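Student: Okay, here's the structure, questions in a sec.
The values are calculated or read from the model by the stated rules, or taken from the named source; none is laboratory data. Since the structure is predicted, the reported quantities are computational estimates derived from the model, not experimental observations. All Cβ positions, even for glycine, are placed from backbone atoms using ideal geometry, and neighbour counts span all protein chains on display.
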């Protein structure tokens, strides 16, 4: 199934497929894992033209995104003597801020990449705005982005979460909007549950184990899911039945980047017992539009060519395989990555047109942002209202659907 118009986003084909505290970022920096290298990469034409040292951000320690990043770093060290520093971030902003400021070259991020591109939620802030982000590769393996509950509460449907304690991760719209989407599947909103705030993804999952909340959203193969499974509470996954049209209509109205999928990887999940819900690529390796083309080309190439080296390092790492790459998602690819995909013959004219359309959308957003910030509106709520109105007007005039048209609570 091909992705519809880039701003409709109702399910990319699987096979083709804002302000966080500086304390949070500093904590991530202190926890950074450095995968050391001994000398610069050869600059010969037949060798990868990569920097001797690179850095990228990822999700927290123990998450599948972090583990996969470390495994890729080990491959770069062993094969090419490249030093990769992996910096864990507590939330979306702490992962993207180092990329925005040039402190890292790449980020193994999640769907917040899309929010940042669009300039919504935490990124609808005068210090942020729509970001010119580009994809390099992504992981879309055999897992889902789904909701688990503590098995001891006896809940088996989203509708049964009414009145239950649900985590809300501060400065992490990707997690919160996805949770909201699944609540909508059950006909619920945040007003129907007890919201409990947490500082990060891992903390939210620890909250279930500790008995502070009853449910959490995440990747079915993420490390914290195993900890919940091994805890006295146990783990159970809530289904979003694919034949429940009302569920999926409500879900996609909140989070249109999801696509239906039967996951076969994760605690309590297997080929014989798949988890019926939804997914999107994670992690998504991204960079800024201005990142050096050769660097992106070679990183894409060595990751693709050395896939067998790191595919078994984490249950979700199989998603980096060529067959799982998503070439028609909601964020455009970097020209360096496109160069490699064209070189191996998998980049089609259709993908090229789709990518150009995505870049044009980013240009429309950037122009609208320049216009609204030029008004120098001091009141925050007035600024948000003006931005969302102008954003919707400009996107619609350019032939794109805004998706988000109002200010966030």
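Student: For region 85-103, what are the residues that are surrounded by 24 or more Cβ atoms within 10 Å (Cβ to Cβ) and outside any helix (DSSP H, G or I)?
Tutor: 86, 87, 88, 89, 90, 91
Student: Tell me, which residue of region 296-326 that is part of a loop (DSSP other than H, G, I, E, B) and under 13 Å from residue 285 (Cα atoms) is modelled with the highest pLDDT? Talk me through it step by step, then tell me what you get.
Tutor: The first filter runs over region 296-326 and keeps only residues part of a loop (DSSP other than H, G, I, E, B), leaving 306, 311-316, 321, 325-326.
From the residues that got through so far, the ones that are under 13 Å from residue 285 (Cα atoms) too are 325-326.
On the way: 325: 94, 326: 88.
Out of the qualifying residues, it is 325.
Student: Output the helices (runs of 4 or more DSSP H) that fall wholly within region 195-265 and possess 3 or more residues being closer than 22 Å to residue 94 by Cβ and either assigned by TED's automatic domain parsing to the domain that holds residue 313 or out of contact with any strand residue (DSSP E or B) (no Cβ under 7 Å at 6 or more places or on another chain) (or both), or say none.
Tutor: 201-209
Student: Mind listing just one residue for me: the one in region 287-302 that is under 19 Å from the mean Cα position of the chain (by Cα) and surrounded by fewer than 20 Cβ atoms within 10 Å (Cβ to Cβ) and, of those, nearest to residue 348 (Cα to Cα)?
Tutor: Here the answer is 289.
Student: Here's another thing I want to ask about it. Considering only residues that are under 21 Å from residue 125 (Cβ atoms) and part of a loop (DSSP other than H, G, I, E, B), which ones fall in region 171-194?
Tutor: Correct list: 171, 172.
Student: Out of the residues in region 143-180 that are touching a strand residue (DSSP E or B) at 6+ places or on another chain (Cβ under 8 Å) and over 22 Å from residue 267 (Cβ atoms), state the one that is surrounded by the most Cβ atoms within 10 Å (Cβ to Cβ).
Tutor: Looking at the filtered set, the residue picked out is 176.
Student: Take residue 58 and tell me if it is at pLDDT 95 or above, under 22 Å from residue 311 (Cβ atoms) and touching a helix residue (DSSP H, G or I) at 6+ places or on another chain (Cβ under 6 Å).
Tutor: Working: at pLDDT 95 or above: yes; under 22 Å from residue 311 (Cβ atoms): yes; touching a helix residue (DSSP H, G or I) at 6+ places or on another chain (Cβ under 6 Å): yes.
Criteria met by residue 58.
Student: Test residue 11 against the criterion of being modelled with pLDDT under 95 and on the phi > 0 side of the Ramachandran plot, and give yes or no. Explain how you work it out, then say what you get.
Tutor: On the way: modelled with pLDDT under 95: yes; on the phi > 0 side of the Ramachandran plot: yes.
So residue 11 passes the test.
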